[in-house]
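The values are calculated or read from the model by the stated rules, or taken from the named source; none is laboratory data. No experiment lies behind these values; they were computed from the predicted model shown. All Cβ positions, even for glycine, are placed from backbone atoms using ideal geometry, and neighbour counts span all protein chains on display. These accessible areas exclude ligands, DNA and RNA; they are computed on the full protein's heavy atoms, side chains included. Shrake-Rupley method; radii C 1.70, N 1.55, O 1.52, S 1.80 Å.
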Amino acid sequence: MQARPLAVSGAWELTPVQHRDERGTFLEVFSDSALRAATGCGLKIAQVNTSVSKAGVVRGIHLSDVPPGQAKYVTCARGAVLDVVVDLRVGSPTFATWEGVLLDEVDRRAVLVPEGLGHGFCALTPEATVTYLCSTGYAPQHERSVNPFDAELAIAWPREDLEGNPLELFTSAKDAAAPSLSEAVRSGILPRLADVEAFLAAED
């Protein structure tokens, strides 16, 4: 596994080793020991989710309260997505910074999204299939979101698919109605960096 730290502090891009022969391909989609060796971070898995999205679908930007927090290990099993991680930890040196990573069925990269960070993606192909390994189970009372098209975040969502064809972006009514970054800060729904760090230290 190759690991690259993202511009968002604490987030990582992971590229697995793929073993190919006349039968096809084999790889370790997830290995806690390899993840710890590469990044110093582990992931206790409580739930695994899969979404299938039409081309142009934008999901996010989603995060969870800390505590209880929710870390994610995200891969794309079919098709391709631009996966985006956003620092939503108030007080973080990289607050409001985002970075996008191409996840696809070719390189089979993954993204580690620690507690306190926002996550979303844009589907670049029909039936883009994304799998999320989550550290905690679904808890709707702790779910938060920020509008993926917020001008302050200024996420550069793709306007073309992988073949250069125009991509019409659309999202759910819930995500479209999510607050802007400024509104989320004012309402106090975003985690504070100090609280996230204290939570993670207690978990170790």
Do we find a residue being surrounded by 12 or more Cβ atoms within 10 Å (Cβ to Cβ) and at pLDDT below 95 anywhere in segment 160-170? yes
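I'd like the residue in segment 186-204 that is within 15 Å of VAL86 (Cβ to Cβ), out of contact with any helix residue (DSSP H, G or I) (no Cβ under 8 Å at 6 or more places or on another chain) and not in a helix (DSSP H, G or I) and, out of all such residues, is most open to solvent (accessible area, probe 1.4 Å). Explain how you work it out, then say what you get.
Here is the first cut: in segment 186-204, the residues within 15 Å of VAL86 (Cβ to Cβ) are 189-191, 193, 196.
Narrowing the set further to residues that are out of contact with any helix residue (DSSP H, G or I) (no Cβ under 8 Å at 6 or more places or on another chain) leaves 189, 191, 193, 196.
Okay, now just the ones that are also not in a helix (DSSP H, G or I), so 189, 191.
Numbers: ILE189: 43, PRO191: 12 Å².
Here the answer is ILE189.
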What pairs come up if the first residue lies in segment 84-104 and is hydroxyl-bearing (Ser, Thr, Tyr), the second is open to solvent by 10 Å² or more (accessible area, probe 1.4 Å) and not in a strand (DSSP E or B), and their beta carbons are under 7 Å apart, counting only those six or more places apart or on different chains? SER92/SER9; SER92/LEU193; THR94/ALA7; THR94/SER9; THR97/ALA7
In this structure, is GLU183 over 14 Å from the mean Cα position of the chain (by Cα) and either touching a residue at least 40 places away in the same chain (Cβ under 8 Å) or assigned to a strand (DSSP E or B) (or both)? no
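Consider ASP83 carefully, then state whether it is within 23 Å of ALA184 (Cβ to Cβ), among the acidic types (Asp, Glu) and touching a helix residue (DSSP H, G or I) at 6+ places or on another chain (Cβ under 8 Å).
Working: within 23 Å of ALA184 (Cβ to Cβ): yes; among the acidic types (Asp, Glu): yes; touching a helix residue (DSSP H, G or I) at 6+ places or on another chain (Cβ under 8 Å): no.
Here the answer is no, as ASP83 does not meet what is asked.
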Does segment 173-196 contain at least one residue that is in contact with a strand residue (DSSP E or B) (Cβ under 7 Å, 6 or more places away or on another chain), of a type in the set (Ser, Thr, Tyr) and more than 19 Å from GLU99 (Cβ to Cβ)? no
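For segment 137-159, what are the residues that are open to solvent by 40 Å² or more (accessible area, probe 1.4 Å) and in a loop (DSSP other than H, G, I, E, B)? Before the answer, list the steps.
Of segment 137-159, the ones open to solvent by 40 Å² or more (accessible area, probe 1.4 Å) are 138, 140-144, 149, 151-152, 154, 156, 159.
Answer for segment 137-159, where residues must be open to solvent by 40 Å² or more (accessible area, probe 1.4 Å) and in a loop (DSSP other than H, G, I, E, B): TYR138, PHE149, ALA151, GLU152, ALA154, ALA156, ARG159.
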